[in-house]
Amino acid sequence: MGKITVAIDGYSSTGKSTIAKQLAKALDYVYIDTGAMYRAVTLYALQNKFIAEHINDTHAIVASLSKINLEFEYNYKLGYSEMYLNGVNVEKEIRTLEVSKYVSRIAEIKEVREMLVGMQQEMGESKGVVMDGRDIGTVVFPNAELKVFMTASPEKRAYRRYKELLEKGEEVTYEEILKNVALRDRIDSSREFSPLRKADGAITFDNSDMGLQEQFERLHNYAKRVIERKNKKGTP
């Protein structure tokens, strides 16, 4: 059966990673969380004090890219891959609000994007992947057979993220999460390199009022139809 590439883009906190993991598992595809890669670079920048509230040492970040080794390692107990930064599991550290505050600034840097896009294209060159991020359908895989653009109201996204962080034991307020969501939207949509936008041919998927099961079933049906069409054409 011919495999396809599924590119899922969209705003922060729309649940892209959650639904992408489910879809990859159902299709028996590889899931690649590109957001984790940008978050890991952000964590590295924070650890080395290259970025902070009033610091943005782009030169130091770019000069250090050759020292950053990123790998995904599958965790069989959890059922998904975790992010490793220079041999250390940083899956928990990259999901904090602190990293969320700065990841869009790191993602603005042309050299960072070029490095990570190259890695992502190499990971997905054999197809059979579900990849989510901000520029998957526009830059990484513009020829992906299935492209999805996920969105939801800022308030709904902020509330979901707020609940998620509380469950992880972080002390946060809904107001600061909503502020962070709005800031990330603005930076992601207006940056010079690979701004967030809907890819040509992408399906707009507004999940403001959808539960996880409904989201999964809809996307799974989209994918099955695309795969069926591909196989009818006799594509290997």
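The values are calculated or read from the model by the stated rules, or taken from the named source; none is laboratory data. Note that the structure is a prediction, hence the values are computed from the model and not measured. Counting neighbours? That spans all protein chains shown, and the Cβs are built from the backbone with ideal geometry, glycine included. Ligands, DNA and RNA are stripped out before the accessible areas are found, and what is left, the full protein with its side chains, is counted by its heavy atoms. Shrake-Rupley method; radii C 1.70, N 1.55, O 1.52, S 1.80 Å.
Give the residues of the range 60-77 that are open to solvent by 90 Å² or more (accessible area, probe 1.4 Å) and either among the basic types (K, R) or under 26 Å from E167 (Cα atoms) (or both), sorted by residue number. Residues satisfying the conditions are K67, E73, Y74, Y76, K77.
Of all residues in the range 53-76, those being at pLDDT below 95, under 22 Å from the mean Cα position of the chain (by Cα) and either assigned to a helix (DSSP H, G or I) or farther than 17 Å from M119 by Cα (or both) number 3. Candidates S100, S190: the one that is open to solvent by less than 10 Å² (accessible area, probe 1.4 Å), within 22 Å of E53 (Cα to Cα) and not hydrophobic (A, V, I, L, M, F, W, C) is S100.
Here's a check for you: in the range 1-24, which residue that is in contact with a Gly (Cβ under 7 Å, 6 or more places away or on another chain) and either of a type in the set (K, R) or modelled with pLDDT under 95 (or both) is most open to solvent (accessible area, probe 1.4 Å)? It comes out as K3.
Filtered by the rule that a residue be open to solvent by 20 Å² or more (accessible area, probe 1.4 Å) and among the small types (G, A, S), the range 30-59 gives G35, A52.
Applying the selection to the range 167-184, what residues are outside any loop (DSSP other than H, G, I, E, B), of a type in the set (D, E) and without any contact (Cβ under 8 Å) to a residue 24 or more places away in the chain?
E167, E175
Does the range 30-43 include one or more residues that are at pLDDT 95 or above, aromatic (F, W, Y), closer than 18 Å to V99 by Cβ and in a loop (DSSP other than H, G, I, E, B)? No: zero hits.
Among the residues of the range 125-175, those identified as surrounded by fewer than 21 Cβ atoms within 10 Å (Cβ to Cβ) and within 16 Å of Y29 (Cβ to Cβ) are E125, S126, K127, G128, E145.
Within the bounds of the range 186-206, is there any residue that is of a type in the set (G, A, S) and either modelled with pLDDT under 90 or touching a Leu at 6+ places or on another chain (Cβ under 6 Å) (or both)?
Yes.
If you go through the range 117-145 and keep only what is within 19 Å of S189 (Cβ to Cβ) and in contact with a helix residue (DSSP H, G or I) (Cβ under 7 Å, 6 or more places away or on another chain), you end up with V117, D132, G133, R134, I136, V139, V140.
Per this entry, E155 is not counted among residues that are without any contact (Cβ under 8 Å) to a residue 40 or more places away in the chain, more than 21 Å from L43 (Cβ to Cβ) and not in a helix (DSSP H, G or I).
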